[in-house]
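Notes for the one structure printed next.
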Amino acid sequence: MDPRFTDLLRPFLKHAGPDELTITPETDLRRLGVDSMQAIELLFQLEDSFGIQLPNEDMNDATFATAGSLWRVVAAQLPDEESGRVTA
């Protein structure tokens, strides 16, 4: 996951506690406080920060379940060199 992504995500994790949280692909966004209203705000920030538009069909509970599931949707919209994908 891109450090910009985790930095952008961190303020939305209101139940993360006072200690520095290591965000992994398995980080449960709902458990840490990302509700439906925050998901919309997070969506807009992701689109603005990365210069992308996320497909409507990917705007669902499964996408916002974990940091990894959300990152996969974001990374799919990025140019290959930004997403970390290697092309042949």
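Things to note:
- Within region 1-22, being hydrophobic (A, V, I, L, M, F, W, C), touching a residue at least 12 places away in the same chain (Cβ under 8 Å), out of contact with any Gly (no Cβ under 9 Å at 6 or more places or on another chain) and open to solvent by 20 Å² or more (accessible area, probe 1.4 Å) holds for one residue alone: L8.
- Matching residues in region 36-54 - criterion: being touching a residue at least 12 places away in the same chain (Cβ under 8 Å) and open to solvent by 30 Å² or more (accessible area, probe 1.4 Å): Q38, E41, Q45, S49, Q53
- Of all residues in region 23-35, those that are within 24 Å of N56 (Cβ to Cβ) and open to solvent by 80 Å² or more (accessible area, probe 1.4 Å) total 1.
- The set of residues in region 1-55 being aromatic (F, W, Y) and closer than 15 Å to S69 by Cα consists of F5 alone.
- Only one of the listed residues (A16, A62) is modelled with pLDDT under 90 and small (G, A, S). That residue is A16.
The values are calculated or read from the model by the stated rules, or taken from the named source; none is laboratory data. Predicted model only: the values in this text are computed from it and were never measured. Neighbour counts are summed over all protein chains in view; Cβ atoms, including those assigned to glycine, are modelled from backbone coordinates with ideal geometry. Areas reflect the complete protein model, heavy atoms only, side chains present, ligands, DNA and RNA absent. Shrake-Rupley method; radii C 1.70, N 1.55, O 1.52, S 1.80 Å.
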